[in-house]
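The structure under discussion appears below in the form of structure tokens.
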Amino acid sequence: MDDIVRQAIAKWPHVPDCYGWLGLDARGRWYMRDDRVQAAGPFPQARGALLEHAALIAFITRNYEADARGCWFFQNGPQRVYVELEAAPFVWRVAEGFAVSAHTGAPARVQCCLTDEAGRVYLQTDIGFGLVHTLDMALVGDAVEQGLWLPQAVAAAELPARFGYVRSPWAQAASTGAGQA
């Protein structure tokens, strides 16, 4: 977390959380979801505006983490901006030699490989759980053929509970009566 963010939290400790305004798609892209988009439906059916500003994306990824409930958020100064996840908290990129990194740029070491009923591939790593980017499926196939990764079948619906994450903090907050900023 950036020092400036820590300082803002200390200065303004009681800023309300923000739900529904930020989404992460299955390709590791961030979307800003204003009131109009939120009214149109849940993420990812109503995506919003694709964020393309490199400095903003870098700030979000440096300050991206999970709370104790498994809800992922971007700490924007003193305010937590909870993230709607299309698939999982991380989107993995696989490079030649099978090096794995998150959509945030963080390197990761693979602990297990899973496939769901739709053929999507997920990795549990030392830094967390995520979906493999679709462009990297050929490399995943090579890793499997070489016996480096041994895919285990899993139902997609079981993944959030099994790996401790919440795909829609907004829906969870609404169901528990928490305020939405």
Based on other C-beta atoms within 10 Å, arrange D35, D67, D25 from fewest to most. D35, D67, D25
Applied in sequence order to segment 132-149, the curve 6.51 cos²θ - 1.76 cosθ + 1.60 (Karplus, θ = phi - 60°) yields integer Hz couplings, x standing for Gly and Pro, of 6, 4, 4, 5, 9, 5, 5, 5, 4, x, 5, 5, 5, 4, 7, x, 6, 10
Taking a ≥ b ≥ c as the square roots of the eigenvalues of the Cα gyration tensor of segment 90-153, is the shape rounded (a/c under 1.5), prolate (a/b larger than b/c) or oblate? rounded
For Cα Rg over 2.2 N^0.38 Å, which listed value, (1) 0.91; (2) 1.01; (3) 1.06, comes from the coordinates shown? (3)
State the answer as a single residue: which of V110, A95, A26 lies farthest towards the positive end of the charge dipole of the chain, with beta carbon charges of +1 for Lys and Arg and -1 for Asp and Glu, about the Cα centre. A26
Checking segment 90-168 for trypsin sites (Lys or Arg not before Pro) in a loop per DSSP with at most 12 other beta-carbon atoms within 10 Å yields R109
Rounded to the nearest 20 Debye, what is the dipole magnitude of the chain about its Cα centre when Lys and Arg each give +1 and Asp and Glu each give -1 at the C-beta? 400 debye
What does the extension gain come out to for A68 and R27, with contour length at 0.36 nm per residue minus their alpha carbon separation? 12.3 nm
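Values in this text are rule-based calculations from the coordinates and carry no lab data. All figures in this text were calculated on a predicted structure; none of them were measured in a lab. Glycine gets a Cβ as well: all are built from the backbone with ideal geometry, and neighbour counts include every protein chain shown.
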